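To start, the structure itself, in structure tokens.
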Amino acid sequence: MKTYRFLTTIAAAGLLLSACGAGGDSGGGGSDEKALTWASTGGQFQEDEKNALQVPFTAKTGTKFTNISPAEQAQVRTMVASGKTIWDLANMSWIYAGAYCGELFEKLDNPALDRSKFPEGTTGECFVPTYRYANIFSYNADLYPNEKPTKIDDFFDTKKFPGKRIVYDYPKAGLFEAALVADGVPVDQVYPLDLDRAFKKIDTIKDSLVFAPSYGAIQQAMVDKQASMVLTVTARTIVSAQSGANLVPVWDFNTTDIGALVIPKGAPHKELAQEMLAFVTEPAQSIAYAKLTGTAPSRPEIDLNLVGYTDEQKKFNAFLPDRGRTLEQDKQWWIENTDALVKRWTSWKVG
């Protein structure tokens, strides 16, 4: 099953602006010098990519980067269909790359991208992980001065722990796996997801759920104490805490996932882009990026003690010892089922 059959009609002017690097850095030089166009999310996240990943690659190879944001799946489809792909690398969900591998995204064939270097189940023909993160359950300690949540079951217990629970408005944010584990499913039997059972469990707290349209909305809600519990990604949990939310993580059960840089089909500099991907996953760059973002390096042999995490980053790092049960989100399951689940999720919310 293909995932995300997006509408792909994009104004020609918008594509032209991207081709010219609008909204990004100028820096791609003439045809006689190495250059890569990098599409990402913008903001601090993209600044961290520049500092930890691009700057050292430029120092090593002389490659210049043009940075563009945002990185959208629909625009990849439009570029590929027109035969005028501009981007060399894009920071976007591996779901897209898995669902449209070889069609909208290039297969990775550089020997330096040895899949055995990465955790089992985190790679595909068109993607390898560039970092790892978790979907973390935490609560605002100011709102629970007495008894504290200690297990994933408590996220679903509104009688014992009243208050709003905020989640990102997207099914693959850890809620479905959490619901099944809270309902008694052993962690090693969570996949394939029993969606009927998961929805039934989530139904029990539906009136207390807040569906956030963005990670920024999650952060603001936690800082303003508009929600008492949250299930969200590592980096946003850290930023929320740094912004004033008195968050405490619950190390009982959390899902883990990967971030990925992918290469759109027909990328002008595919081989150089693959060299960059290999460079990004080397220890020095992985450590530098993890230190800036609080995420974890993609290769398990990298000692997390070498990263130099701040105390705040350590507090919310699911990959350190004694952090309860974790489950890597099943890549193939999500590639095959996201489209149908998003439709069901959307209908369920308004039902």
Exercise for the section: Would you mind pulling out the separation of the Cα centroids of region 92-114 and region 197-274, in Å? Expected result: 24 Å
Completion exercise
Treating only Lys and Arg (+1) and Asp and Glu (-1) as charged, each at its beta carbon, one finds that the chain has a dipole about its Cα centre, in Debye to the nearest 20, of 640 debye
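If you restrict to DSSP beta bridges whose two residues both lie in the chain, what percentage is antiparallel, to the nearest 5? List each step's numbers first, then the result.
Working: 19 of 38 bridges.
Antiparallel: roughly 50 percent of the beta bridges in the chain.
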Exercise for the section: Quick one: among 244, 174, 259, which has the greatest mean-square fluctuation in a GNM of the chain with alpha-carbon springs under 10 angstrom? Expected result: 244
Completion exercise
For region 106-119, in residue order, the Karplus 3J(HN,Hα) values (coefficients 6.51, -1.76, 1.60; θ = phi - 60°; whole Hz; Gly and Pro = x) are 6, 6, 8, 10, 6, x, 5, 8, 5, 5, 5, 6, 10, x
Completion exercise
Amide H contacts under 5 Å for residue 209, restricted to residues at least 5 apart in sequence or on another chain and with H modeled in the peptide plane, are 165
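Order by neighbour count: 95, 287, fewest other Cβ atoms within 10 Å first, most last.
Numbers: 95 22, 287 18.
By the 10 Å Cβ count, ascending: 287, 95.
Packing-wise, with mean Cβ within 10 Å as the measure, how do 111-120, 50-59 rank, highest first? Before the final figure, lay out the partial values.
Details: 111-120: 12.7, 50-59: 17.1.
In decreasing order of mean packing, 111-120, 50-59 become 50-59, 111-120.
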Practice task
With just the Cα atoms of the chain, tell me how far they stretch along each of the three principal axes, in Å, largest first.
Solution key: 66, 44, 38
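Using a simple charge model, +1 on the beta-carbon of Lys and Arg, -1 on the beta-carbon of Asp and Glu, nothing else, what dipole does region 284-327 show about its Cα centre, in debye to the nearest 20?
Values: 6 positive and 5 negative charges, 26 e Å.
Charge dipole of region 284-327: 120 debye, to the nearest 20.
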Practice task
Among 337, 305, 317, determine the one that fluctuates most according to a GNM of the chain built with springs between C-alpha atoms less than 10 Å apart.
Solution key: 305
Practice task
Quick one: grab Rg to one decimal and Dmax as a whole number for region 222-294, Cα atoms only, in Å.
Solution key: 17.2, 48
Fill in the blank from the handout: Which residues qualify? For residue 124, with a placed amide H closer than 5 Å and at least 5 residues away or on another chain, they are none
Exercise for the section: Could you go through region 43-58 in sequence order and give the Karplus-derived ³J(HN,Hα) for each residue, using 6.51 cos²θ - 1.76 cosθ + 1.60 with θ = phi - 60°, rounded to whole Hz, and x for Gly and Pro? Expected result: x, 4, 4, 6, 4, 5, 4, 4, 5, 8, 10, 6, 4, x, 5, 5
Exercise for the section: Normalising by the residue count of region 82-200, find the relative contact order in percent from Cα pairs under 8 Å and 6+ residues apart. Expected result: 15 percent
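Since every read-out is calculated from the coordinates, none of them should be taken as a lab result. Since this is a predicted model, take the numbers as computed values, not measurements. Virtual Cβ from ideal backbone geometry, glycine too; neighbours counted across all protein chains shown.
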